[in-house]
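Report on one structure; see the data block that follows.
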Amino acid sequence: MKPGPFRYHAPESLDAAVALLAELGDEAKVLGGGQSLVPLLAMRLATVDHLVDVGRIAAMKGYERRGDTLVVGASTPDVRLERAADVAVAVPLLARATPLIGHAQIRNRGTVGGSLAHADPAAEYPAVASALDAELELRSHRGTRTVPAAEFFLGVWTTCLEPDEVLAAIHFPIWAGRVGCRVGFGVREFGRRHGDFAIAGAVTAVELDGAGVIARCAIALFGLGPTPLRAGSAEKALLGSRPGELDAETVGQLAVGDAHDPPEDLHGPPEYRLRVGAAMAAAAWKDAVEEASSA
C-alpha cells in the first residue's frame, strides 16, 4: 500500500518547525527518521494532512556533555550513539541498548527522539530514559518545557507531547560513580529473531559505595505493559543491601512483580512475558553487579 496524500514540509530551524506546528495544529505530524511513522502511513494505519520533517535541523543533531548530564539532540541518528566512544563512557546504557534496535539500516535512519516520541512499549530507548530518569526537552511556539521520562510516556504510542510541540533534546544523567563508588550497567532482551521488537527486556544500573553496599540502583522493563516500567519494588528491596544478599533470580521476580498489565498477543500469554521479563531482569542485574564489583 501507499500513504494517503499529504503535504511535506522541511523546516531548517527549530523555530520554523514550531511555527509550522502552531499554524497547522493537529493536522500535522512530526517526522524524525521515519522508521516507525513511514510504515504506519504506508499501511494506512495512520493518515496525516501535513508532515513536518525535522531531519534537516542541525540544532537537533549531535550531543554534548554538560556537567553530569549528556544532552542528546532528538534528531541524532541511532548509529551515531552506537559508534561514539564518549557516549559509551558517559551513558553506557545508551551505547549498549542501541545495537539491539532493529537492523543496521534502521539504526542508520532512526533517531533517538523518534523512538521516544513513538513510545513503543517494546522499544529500548524509552526503557533507558526511564531507568536513568532522563528529562525530555519539549519546544513549541509557547516556549520550552522539560518533562521527566516518568511523566512523558502515557500509553501505547502515546506521550504527553502536545500537537504543537517538538521533542528537541533529551537530558541523560551520567552515572559516573561518585567518590569511592563504582557503577555497572546491564541490558538484556529476548525476541523471536534478531531485529524483532523484544518480547520482554530489561535495563539496569547499580552503584556500589566504598563498602560494597548498593547506594543507588535502577531497573526498567520493556515489553511488559503499555509503557516502560520502573521496577520500584525491586529497587527498594535492593537499596542498602549487598549484591549477594539477593540472588539475581530473586531480583528478576521482584522486578516483574510491578508488571500488572503484560500484553497477550501471538507471542504468548501474559504469564509467558512475565517469565521472560524476570529472566531478562535477572541477567541484566547480574551483568550490572559484576561490572560494578570488578570496577
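Quick notes on this one:
- An oblate overall shape is assigned to region 1-123, the ratio a/c of its alpha-carbon gyration tensor axes (a ≥ b ≥ c) being 1.5 or greater and a/b not exceeding b/c.
- Cα gyration tensor, region 7-53 - rounded (a/c under 1.5), prolate or oblate: oblate
- Cβ-placed point charges (K, R +1; D, E -1), dipole of region 209-275 about Cα centre in debye, nearest 20: 220
- Per residue, the chain reaches -9500 deg cm²/dmol at 222 nm when only DSSP H runs of four or more residues are counted, each adding -39500 (n - 2.57).
- Scanning residues 5 or more positions from residue 62 or on other chains, those with amide H under 5 Å from its amide H are 73, 76, with H placed 1.01 Å from N in the peptide plane.
- From most to least packed by mean Cβ count within 10 Å, the peptides 235-247, 178-190 give 178-190, 235-247.
- Protection proxy ranking of 148-157, 120-129 - average other beta-carbon atoms within 10 Å, highest first: 120-129, 148-157
- Stokes-Einstein D (µm²/s) once Rh is taken as the Kirkwood radius of the chain over alpha-carbon pairs, at 10 °C in 1.306 mPa s: 81
No value in this document is a laboratory result; all are computed from the given coordinates. As the structure is a prediction and not an experimental result, all values here were calculated from the model. Cβ: placed from backbone, ideal geometry, glycine included. Neighbour counts: every protein chain shown.
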